[in-house]
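The next block holds one structure in the form of structure tokens; read it before the comments.
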Amino acid sequence: MTMNALRTDGIVLSRTNFGEADRILKVLTPDNGVVSVMARSVRKEGAKLAGKIELFAVCDLNLHIGRGMATLTGAKIKKFFGQILADYDRLQFGYDVLKTVGKSVEAVAEQEFYNLLLATLQSLDDLNVPLSLCKVWFYLHLANILGHGLNTATDANGMKLVEDSSYDFDLHGQVFTFNEYGRYTTEHIKFLRVLAQNQPDVVSKVKGARTLADDCLELSLVVAKI
């Protein structure tokens with residue numbers, strides 16, 4: 001391998017047609033952040049690299065790094081998350097995830113974004129994981145990376161969140177507030193803590209996970225500032 005050659009895994013965030021047959025790719029890599037890549041002639045019929053740089057896939061990429069945009073010299077798909085395409089709602093959320101990560105990674109260049117995206121695509125590809133759970137998990141972990149994660153330890157007064165209590169969530173202050181008849185119970189708090197420490201497929205096995213995820217979706221959107 002020369003100094004101008006790079007082989008890396010990558011997940012395509014976006015594809016833009018360029019000229020008559022080329023395509024510009026925005027690729028998220030585990031170790032090199034976002035890389036803009038020129039894929040020449042890939043839109044020609046019978047092109048060697050056609051079908052090897054798909055969305056919703058982990059791709060093994062060979063790149064030539066020049067002064068400007070990198071050039072794609074080789075590619076193959078290592079893992080294609082095809083089940084996402086089989087469900088319209090999962091597909092639409094998948095597009096939203098790619099777009100959101102693409103915008104967020106420009107603001108905070110962290111390796112965690114690749115892991116977040118990969119885990120989210122894996123969960124969307126697993127039809128046993130409820131879509132609402134995939135969403136809540138993604139939004140809460142995105143918020144953590146961006147530095148404004150959910151506090152599941154203390155309430156608005158700095159008091160420890162305790163069992164057998166109920167809380168509301170202050171959407172403006174992004175903090176739980178004690179309310180005897182609040183929307184969020186001990187089970188919700190426990191669920192959110194499990195979400196913070198585990199992958200979606202593990203969380204999906206929690207009793208009542210689908211209902212709890214549905215209940216927490218609005219909260220997760222607010223925390224992620226979507």
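The values are calculated or read from the model by the stated rules, or taken from the named source; none is laboratory data. As the structure is a computational prediction, the values presented were derived from the model and not from experiment. Heads up, the Cβs are rebuilt from the backbone with ideal geometry, glycines too, and the neighbour counts pull from every protein chain shown.
Only one residue in I11, I53 is modelled with pLDDT of 95 or more, surrounded by 14 or more Cβ atoms within 10 Å (Cβ to Cβ) and within 22 Å of V105 (Cβ to Cβ). Which one?
I11
Taking region 31-77 on its own, how many of its residues are of a type in the set (K, R) and part of a strand (DSSP E or B)?
Looking only at that region, the number is 1.
Would you say V101 is within 30 Å of H148 (Cα to Cα), in contact with a strand residue (DSSP E or B) (Cβ under 6 Å, 6 or more places away or on another chain) and in contact (Cβ under 8 Å) with a residue 12 or more places away in the chain?
no
In region 137-151, what count of residues is obtained for those that are out of contact with any strand residue (DSSP E or B) (no Cβ under 9 Å at 6 or more places or on another chain) and surrounded by fewer than 20 Cβ atoms within 10 Å (Cβ to Cβ)?
Residues in region 137-151 being out of contact with any strand residue (DSSP E or B) (no Cβ under 9 Å at 6 or more places or on another chain) and surrounded by fewer than 20 Cβ atoms within 10 Å (Cβ to Cβ): 6 in total.
Are any residues in region 76-94 without any contact (Cβ under 8 Å) to a residue 12 or more places away in the chain and of a type outside the set (A, V, I, L, M), and if so, which ones?
Y88, Q92
Take the residues of region 116-136 that are of a type in the set (S, T, N, Q) and closer than 17 Å to A224 by Cα: which is surrounded by the most Cβ atoms within 10 Å (Cβ to Cβ)?
Ranking the candidates gives T120 first.
Tell me which residues, restricted to region 166-206, are charged (D, E, K, R) and outside any helix (DSSP H, G or I).
Selection gives D168, D170, E180, R183, K205.
Return the only residue of Q174, Q197 being under 25 Å from L116 (Cβ atoms), within 25 Å of the chain's Cα centre (by Cα) and surrounded by fewer than 16 Cβ atoms within 10 Å (Cβ to Cβ).
Q197
Hey, among G94, G74, which residue is assigned by TED's automatic domain parsing to the domain that holds L146 and either in contact with a His (Cβ under 8 Å, 6 or more places away or on another chain) or at pLDDT 90 or above (or both)?
Matching residue, one of G94, G74: G94.
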